[in-house]
């Protein structure tokens with residue numbers, strides 16, 4: 001039974017744990033000068049671990065370790081997304097690794113640990129295990145940021161840890177309150193108790209718990225402030241802005257599905273107000289940003305806020321599938337953007353937005369590819385970002401026509417996203433050749449930039465197949 005549980009649901013996680021242990025042993029015997037060996041070893045090991053997902057049982061859903069882990073198509077979707085993102089971020093970390101060669105073992109182990117934490121979060125079917133995965137992810141963010149030199153990033157890590165404790169307390173409070181009501185930490189048992197016990201007097205309590213736990217997750221996103229991104233490395237920013245949306249949105253979808261029969265307009269109103277506030281705050285911060293990493297850090301907050309719209313129609317397959325489709329497009333676009341930033345920053349320090357003025361005169365083809373990624377975030381037609389926003393907005397109205405007012409407000413706010421993205425694109429084509437020359441021999445950022453731009457462009461024409469795939473996954477949750 002124990003072996004079946006591992007083979008059907010936890011084999012990839014076990015393999016990652018083994019990779020971490022092997023790296024720790026190798027660090028004792030391999031010289032630091034052979035840092036390239038550990039780089040390729042780690043990448044090949046993760047790629048090999050990814051193939052183990054094919055062994056997992058998906059249909060019917062498999063409950064492992066007394067129902068604490070689950071394996072189904074929904075979990076499989078997020079696992080593939082996490083592993084694919086992790087592999088791409090490994091390739092993007094080349095420039096940063098060259099600066100910390102004496103800590104290469106520790107850095108790659110930390111990245112693998114982050115991937116492992118994401119897999120635990122998405123496959124958990126128990127609040128205790130989910131809480132453990134969230135803590136592991138928070139620890140990973142702090143650890144990978146600690147490899148960056150500078151007193152400012154150390155202050156930001158300490159500030160993040162202190163604020164994170166507050167939201168961890170909120171999250172833990174919601175878990176314990178829910179346990180007092182249902183006497184269980186298991187998602188299935190809690191769902192059955194809430195929806196089939198017939199205790200309708202718990203309605204307000206469940207809404208209160210839902211809001212508290214929702215706030216705790218959103219709070220964790222907000223405290224990753226602009227300064228935290230500003231003083232971090234590009235590869236670390238790519239990791240944070242990619243993994244945080246994947247893992248935290250998975251948690252929020254789970255919350256909504258567990259409590260969906262008690263899903264009321266109290267929660268809807270709260271989420272609607274939160275979405276409007278977050279998008280407004282994010283757009284304001286993006287427009288004010290002068291640092292390019294800070295720019296895309298707040299842009300991630302704006303995109304997460306848009307994805308929350310799908311939770312307002314969580315009873316509807318279209319609502320969940322719109323989030324799944326949006327997050328695919330977001331991950332591809334985000335990887336493409338940071339691939340471009342890492343390429344342009346390879347030989348020169350181009351940390352400010354103004355440093356990118358006129359880059360079309362230096363690297364025209366790379367600039368065009370980076371522009372396609374930015375236009376996707378701006379939801380401009382002929383990009384996958386346009387389809388993802390269109391599908392998200394249509395799923396909102398399809399869920400309930402009362403959301404039309406919210407849709408109008410969000411559409412107006414979306415103009416701000418178009419404005420700041422096009423403003424940055426405009427600077428790329430300014431008749432002002434930059435003083436800095438670009439010379440970067442790294443192949444991975446170039447390949448990922450071109451590949452992301454190509455996929456984003458093709459998704460505009462072939463989005464229907466991917467949308468249908470997301471609907472099948474949402475239907476089978």
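Each reported figure results from applying straightforward, stated rules to the coordinates on display, with no laboratory input. Since this is a predicted model, take the numbers as computed values, not measurements. Backbone-built Cβ (ideal geometry, glycine too); neighbour counts: all protein chains shown.
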| task | Quick one: order 363, 99 by neighbouring beta-carbon count within 10 Å, fewest to most. | result | 99, 363
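Going by how many other Cβ atoms sit within 10 Å of their own, how do 426, 220, 154 line up, fewest first? Let's see the in-between values first.
Working: 426 10, 220 24, 154 14.
Neighbour counts put them in this order, fewest first: 426, 154, 220.
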| query | Once a ≥ b ≥ c are taken as the square roots of the eigenvalues of the Cα gyration tensor of segment 280-477, is the result rounded (a/c under 1.5), prolate (a/b larger than b/c) or oblate (a/b not larger than b/c)? | reply | prolate
| query | Which whole-number percentage describes the relative contact order of the chain, with Cα contacts under 8 Å and a sequence gap of 6 or more? | reply | 15
| field | Candidate values [x] 21, 47, 28, 4; [y] 23, 52, 22, 3; [z] 24, 59, 17, 0, label of the one derived for P(r) over Cα pairs in 20 Å bins from 0, in percent | value | [z]
| query | Taking the highest mean first, how do the peptides 252-259, 118-125 order by number of other beta carbon atoms within 10 angstrom per residue? | reply | 118-125, 252-259
| request: Indicate the gyration tensor shape class of segment 50-164 (rounded, prolate or oblate), computed on the Cα atoms with a ≥ b ≥ c the square roots of the eigenvalues: a/c under 1.5 is rounded; otherwise a/b larger than b/c is prolate and the rest oblate. | output: oblate
| note | Neighbour-count ranking for 397, 25, 104 (other C-beta within 10 angstrom, fewest to most) reads 25, 397, 104
| task | Using only the Cα atoms of segment 283-335, build the gyration tensor, take square roots of its eigenvalues as a ≥ b ≥ c, and label the shape rounded, prolate or oblate: rounded if a/c is under 1.5, else prolate if a/b is larger than b/c, else oblate. | result | oblate
| query | Ranked highest first by the average count of other Cβ atoms within 10 Å around their residues, in what order do 456-466, 329-339, 376-386, 131-141 fall? | reply | 329-339, 376-386, 131-141, 456-466
| If you find the alpha carbon centre of segment 367-415 and of segment 75-96, how far apart are they in angstrom? | 25
